[in-house]
Each structure stands twice: as C-alpha cells, then as structure tokens.
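Worksheet for the structure shown next.
Bear in mind these aren't lab numbers, they're just calculated from the coordinates by the rules spelled out. Keep in mind that what you see is a predicted model, and the values were worked out from it rather than measured. Methodologically, a virtual Cβ is constructed for each residue, glycine included, from the backbone with ideal geometry; neighbour enumeration extends over all protein chains shown.
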Amino acid sequence: MPQPHLMIHIVPGKCDYCGCCVGVCPEDAIELMESKIALIEDRCTNCRKCVWACPWEVIEFHRDGVDHLPKQIPQMINEAVKF
Amino acid sequence: MKKFDYDIIVVGAGPAGSTAARYAAIGGAKVLMLEKDRDVGYPVRCGEAVSHEGVAQFIKPDPKWIASSVSKFRLIAPNGSSVVPKLDGGGYVLERRVFDYELAKLAASEGVEVITKAYVYDLLREDGKIVGVQTLIKDKKVDIRSKIVIAADGVESRVGKWAGMDTTCHIRDMESCAQMTLSGIEVDPDVLDFYFGDEVSPGGYLWVFPKGKDTANVGLGLSVEEAKKKSAIKFLHEFVDRKFPKVAMLTHIAGGVPCAKTNPEIVKENVILVGDAAHQVNPVSGGGIISGMIGGMIGGQVAAEAIVRGEVLHLREYDKRWHKRLGWRHDIFYNIRNAIGNFDDETYNNICDSALKLPEDKRTLGGIFRSALWNQPSMILDVAKVFLS
Ligand SMILES: Cc1cc2nc3c(=O)[nH]c(=O)nc-3n(C[C@H](O)[C@H](O)[C@H](O)COP(=O)(O)OP(=O)(O)OC[C@H]3O[C@@H](n4cnc5c(N)ncnc54)[C@H](O)[C@@H]3O)c2cc1C
Ligand code: SF4
Ligand code: SF4
C-alpha cells in the first residue's frame, strides 16, 4: 500500500521493467531490478513524470492522496494565491 | 590502502557496455562487467535496425544474428502515399539476443570477466572517494573494488546520479515506446517501413522492421510530452488492430529512448557514462546501438589509457573525443528533431508529394529532406530557427 502522502502507485504485476520511468525521474526515486520495481517513498515528490512516461500505463496517480497531505500544504496554497 | 580487485568495472552488458569492456581490455586493463539480468541480450527492447557501415566497424556481419538484410526505407505519409528511398550502403534488422551475446563474447575473448544476475545498487566509497561498486549477486551483498567505473546501464541509468552527474532525461526528449513482434503477417523483407502522422504517433514515428518475410518488429515511440495525452501502448494497439488484426504476437515490450543531446556531464572523478546512460542516441532516428558502441569504444580506450598512465584525470579526454567524433553531430540532429516534432499531417503529405516528383536516383533520405526544404519555405525558416537558437 502506498504511504499516506504518496499519490504515485506502481500497479504490482503490470510492469515490464523497461526503465523509461527511471530515466525521467528527477529524484532517483525508483529502484528497478530484473523483475522487481519499487518506489523509494521518501524521495518521491509526486511530480508525475514517471506516470506520463510509462508506455504501458503501469503507474497511477491518485488525486485522493491530496487529502492526506501535510496540513501546511493546503494552507500554503491559500497563502500563495493572496495578493 | 586496500588492493583493487579490478582496474575497471563496467555496469551493464548491452552493446555499449560490452564494447567499452572489450576496448578497455584490449588497452591492457583488468576488466569486470556486471549485468543485472539473468541473460546478456535478453529481454530485447529494440527495433533492431542498424546500418551495415555502422555495425561492420565493430564486428563482421554474421547470418546468425541477422534476421533481415534491408536496402530501402519506405516513408508513409498520413494520407497513405509513400516514397521509397534507398538506404545508402544497406542495413540489417538484427537478432539482438544473439548479437548482444556475441558482443559480450568478443569482450570475454579479450579477457573480460562477466557476471550476470549481478545488480549494482550503489557506488562504493572510501574516505569520500569512489572505489568500486556495491552489488547484489544472486541476492548476496558483495562489494567489488576498482579504480574506474564505466556506467553502461542504459536508459534506466542511476550510476551517473550516484557519482553526482544529473542524467535525468527531460520528458520532452524521452521517447516512450511500445513494440510487438508479430508473425504470420506479410512484409517486404528488404524494406524498413516508417509511418508518420498524428494518427499513428504525433511528433514521432511508427516502424515496421522486417525479420524475414512473415515476421516484423512493429513499434512506435513518442515524446513523453505527447504520451501525456495518449500512451504508446494505446497508439500501438490501435495501429495493430487496424493493420494486422488477429495475428501471432511473439513479443510485447515497453521501452524508453533518451533522444536528447549528449548528457552535459559524462565524466566525473573516476566514473564515465557510455551509451544510453550518456544519452548517446541519434536524436532524430532514435538509433542508439551503433552510437552507443562508438561511445563505449572511446570510453573503454580512454579508461585503459588512464589505467596504464596511472592518471585518472586523463578520463576527461573521453568527453573531448566523443564530442569530436559524434557528439557535435548529435547536437545538430537534436535541433532537427525539434523541427520535425512540429510537423503536422499536411507537412508530411507535402513532403511525400514533393519527394515523389524527384528522379528515382535522387530519392535518398538526404535528397528528400533537401527537397522538402526547397518546397516548403516555411520549413527552411523553422529549421533555420532551431539551428540558430
Ligand atoms: C522500442 C525501442 C526500439 C529501438 N529501436 C532501435 C533501432 O531500431 N536501432 C537502434 O540503433 N536503436 C534502437 N533503440 C535504442 C537502442 O535499443 C539503445 O540505444 C541501446 O540498446 C543502448 O545500448 P546500451 O548498451 O547503452 O544500453 P542497454 O542495451 O539498455 O543495456 C544496458 C544494460 O545495463 C543493465 N543494467 C541496468 N542497470 C543495471 C544495474 N544497476 N546493475 C547491473 N546492470 C544494469 C541492463 O539490464 C541492460 O542489460 C530502440 C530502443 C527502444 C526502447
Ligand atoms: S512522481 Fe516524480 S519523483 Fe515520484 S517517482 Fe515519479 S518521477 Fe520520480
Ligand atoms: S516505465 Fe512502466 S513498464 Fe517501464 S519500468 Fe516503469 S513502470 Fe515498468
């Protein structure tokens, strides 16, 4: 199961281990072995580049993860749009 | 100071890694090559097309790794019209699982040691210095010491990042790919087919590369920027359902090709990057077998020179020689890629029409590109813009 703050989810058993997602991940947050793939959770920033890159649609982005974000973040967003 | 187990460790046994290892050993170094997969050369994530000229500089063409010999391209425009230019010097569709194996054997014949099922999970450091790699060999942790590390770990490369080089490929430059090997179809074994247009692969292309008369690699690549809207696998399924319904699917793979300029840094301390790991792919064609082998050869040679001289700083020479040989061209090809990426269906149709008006002997890829420019003044501007930028 993904961590509460994580919105990225690699669907188990669907991956082809091709490495396209690893190539675009700016945070070095994906570990890829011969037939094993895992998110290095504390590095992932939910940027979604891996989701877009995956040719097979193996990586999902869960918007509902937003509900579990640290409270400061929605507050910061509120602040950011103030004039 | 502890002893080193090897002069050079090569991470990854693809074409770039095997070639780097081979030339490093020829240069006099003691070399170990590590491959995470069970087999060298498998699984195959590749359209497998190469030019004769490119491959013959490294290995004598051998029927055991050639699935088809080809002499022509067919460029198919969105409206279905096509033009068939000659492929200067001819080319091959490989059997890469045999080809990669042969390249590893060539390295082994020069004294390179090879271990498969050996996953490199980090660099090994001592007093802040890189002194080798940390590996899982058949699930056991093993540290191996070397003076130099050559990262040939492909599109999924992480070794460069661990050494402090930013090798992340921008999503605009990464081609997200899907391919099937289909059998029981009818193909011309002499021709490489390329389909263009928004329906098959916006900004990219779809290929049908023959492996004999009744089998072909059918695949496509598109920029991740485009794949955001619709994935490679969706485009591929639609094309195959239309064109080759109900045939045998022998393989089905995903893949990525870094169609960028060479990575800004390919040498850091005692680590160098070769092949896809260094983004040494021709950004227009997406071909990375031969260019990766050229990068591997230069990298292996320079690394061996550094060992013989006892001078790690000599590795910087690799960056210079690579850019002199191919890197400068890839910079220009990258700009051409960006111009082509903006073509719409109408532009492709027009290019095909004007190419068909060329006399047959002028229908080379270069001839077509020149005539396209001639007939499309706006394209000259586009290309000029990217060249000047
Ligand atoms: C769908 C598709 C079609 C293509 N078609 C063509 C084509 O027709 N013609 C062409 O010229 N090029 C083509 N390419 C590009 C070509 O396949 C690559 O450029 C080429 O394979 C690069 O060689 P390489 O040795 O750098 O990397 P690779 O061949 O990817 O080899 C890298 C090796 O490193 C291993 N490795 C990775 N990480 C580790 C680790 N941590 N520890 C140990 N081992 C590791 C991998 O298992 C792999 O075996 C295509 C690519 C794709 C995806
Ligand atoms: S969301 Fe971004 S940081 Fe997280 S794994 Fe994907 S590419 Fe890496
Ligand atoms: S891009 Fe997709 S198929 Fe390829 S390794 Fe990543 S998750 Fe797996």
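For the reader, a short list of remarks on this structure follows.
- Cα coordinate range in segment B:78-164, projected on the principal axes (Å, largest first): 63, 33, 25
- Annotation: Cα Rg of segment B:17-165 relative to the compact-globule expectation 2.2 N^0.38 Å equals 1.29.
- Pairs from the table (B:72/B:230; B:117/B:230; B:2/B:268; B:36/B:230; B:261/B:320) lying more than 26 angstrom apart at Cα are B:72/B:230; B:117/B:230; B:36/B:230.
- What the Cβ-Cβ distance of residue B:109 and residue A:80 gives, at R0 = 51 Å and to the nearest 0.05, is a FRET efficiency of 0.25.
- Here the Karplus relation 6.51 cos²θ - 1.76 cosθ + 1.60, evaluated at θ = phi - 60°, turns the backbone of segment B:268-279 into coupling constants of 8, 6, 10, 10, 10, 10, 9, x, 3, 4, 9, 6 Hz, with x for every Gly and Pro.
- Relative to the 2.2 N^0.38 Å rule of thumb, chain B has a C-alpha radius of gyration ratio of 1.01.
- Taking N as its residue count, the alpha carbon Rg of segment B:165-259 over 2.2 N^0.38 Å: 1.11
- In this label model, residue A:43 and residue B:362 are separated by 5.4 nm, measuring between points 7 Å along each Cα→Cβ vector.
- Over segment B:86-126, the fraction of Cα-Cα pairs per 5 Å bin, rounded to whole percents and listed from the shortest bin up, is 5, 15, 14, 16, 16, 13, 8, 6, 4, 2, 1, 0.
- Take the Cα of residue B:249, step 7 Å toward its Cβ, do the same at residue B:345, and the gap between the two points is 2.5 nm.
- The listed peptides B:322-328, B:308-314, ordered by packing as a protection proxy, come out as B:322-328, B:308-314 (highest mean of other Cβ atoms within 10 Å first).
- ³J(HN,Hα) computed for each position of segment B:223-239 - Karplus, 6.51 cos²θ - 1.76 cosθ + 1.60, integer Hz, glycine/proline x: 4, 4, 4, 7, 5, 3, 7, 7, 7, 4, 5, 5, 4, 5, 4, 4, 5
- Against chain B, whose longest principal axis comes from its Cα atoms, helix B:15-26 is set at around 40 degrees.
- Residues whose amide H lies under 5 Å from that of residue B:49, counting only those 5 or more places away or on a different chain, are B:94; hydrogens are built 1.01 Å from N in the peptide plane.
- One decimal place: the segment residue B:4-residue B:268 gains 93.1 nm when fully extended, by the rule 0.36 nm per residue minus the C-alpha distance.
- Here the translational diffusion coefficient of segment B:123-205 follows from Stokes-Einstein with Rh set to the Kirkwood radius across Cα pairs; for 20 °C and 1.002 mPa s it amounts to 123 µm²/s.
- Acute angle (nearest 10 degrees) that the helix B:377-388 long axis makes with the longest principal axis of chain B, alpha-carbon atoms: 10
- Extents of the protein assembly as shown, taken as max minus min of Cα coordinates on every principal axis and listed largest first, are 71, 64, 48 Å.
- When both bridge partners sit in chain B, DSSP labels roughly 70% of those beta bridges antiparallel.
- Database remark: amide H of residue B:252 closer than 5 angstrom to the amide H of B:181 (H placed geometrically; neighbours at sequence offset of 5 or more, or on other chains; Pro and chain starts carry no H).
- Rounded to 5, the percent of DSSP beta bridges in the protein assembly as shown classed as antiparallel: 75
- Pair residue A:11, residue B:82: separation of 7 Å Cα→Cβ label points (nm): 3.4
- Partner chain coverage, peptide A:7-20 - average Cβ within 10 angstrom: 4
- Across segment B:74-79, rounded Karplus estimates of 3J(HN,Hα) from the backbone phi angles (6.51 cos²θ - 1.76 cosθ + 1.60, θ = phi - 60°) give 10, 9, 10, 7, x, 7 Hz, Gly and Pro being marked x.
- Three principal axis lengths of segment B:206-304 [C-alpha, angstrom, descending]: 53, 34, 19
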